[in-house]
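To start, the structure under review is shown below, and the notes come after it.
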């Protein structure tokens with residue numbers, strides 16, 4: 001089994017996303033799919049260890065991967081994954097799509113371009 005490092009930036013306040021993982025409310029993490037990158041998250045397999053790292057506090061958590069799915073678009077992913085497990089507190093598919101639009105602006109052009117060109121990876125964990 002492999003170990004994967006996934007770094008967490010904040011969305012609106014310090015460690016907000018990381019704390020959702022810690023609490024167990026968030027159990028699906030998403031990353032832009034990029035088949036040409038060394039860290040090709042689509043290669044995560046059930047049983048792999050996810051080392052989740054907070055860029056705010058430098059804290060680490062470990063979780064076990066349960067599944068990995070690649071989607072051609074965020075919209076496709078939102079139709080097929082439970083919204084509440086991707087971003088707890090977001091109640092609708094449309095609201096989650098708006099969050100991703102915000103993240104594209106916040107996290108930069110390269111993030112947005114990867115999502116548009118290759119799609120997105122959803123990794124379920126426990």
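If R0 is 30 Å, what FRET efficiency do you get for residue 110 and residue 67 from their C-beta distance, rounded to 0.05?
0.70
Could you check the simple spin-label distance between residue 102 and residue 126, using points 7 Å along Cα→Cβ, in nm with one decimal?
Label-label distance for residue 102 and residue 126, simple model: 3.2 nm.
Hey, rough spin-label estimate for residue 36 and residue 12, points 7 angstrom out along Cα→Cβ, what's it come to in nanometres?
3.6
Relative contact order, percent, of the chain when contacts are C-alpha pairs under 8 Å separated by at least 6 residues?
Normalised by residue count, the contact order of the chain is 35 percent.
Rounded to the nearest 0.05, what FRET efficiency do residue 60 and residue 90 give with R0 = 22 Å and r taken as the Cβ-Cβ distance? Could you check?
So the FRET efficiency works out to roughly 0.30.
Can you give the % of DSSP beta bridges in the chain that are antiparallel, to the nearest 5?
75
Could you point to the label whose value was computed as Kirkwood radius over Cα pairs in Å for the structure here, given (i) 18.9; (ii) 14.7; (iii) 16.3?
(ii)
Taking the Cβ of each residue in 8, 18 as the centre, tally the other Cβ atoms inside 10 Å and list the residues starting with the fewest.
Fewest-to-most Cβ neighbours within 10 Å comes out as 8, 18.
Assuming a ≥ b ≥ c are the square roots of the Cα gyration tensor eigenvalues, decide whether the stretch 1-56 counts as rounded (a/c under 1.5), prolate (otherwise, with a/b larger than b/c) or oblate.
The shape class here is prolate.
Read-outs: derived from the displayed coordinates by stated rules, not from any lab. This one's a predicted model, so the numbers in the text were calculated from it and none came from an experiment. Neighbour counts run over all protein chains shown; Cβ positions are idealised from the backbone, glycine included.
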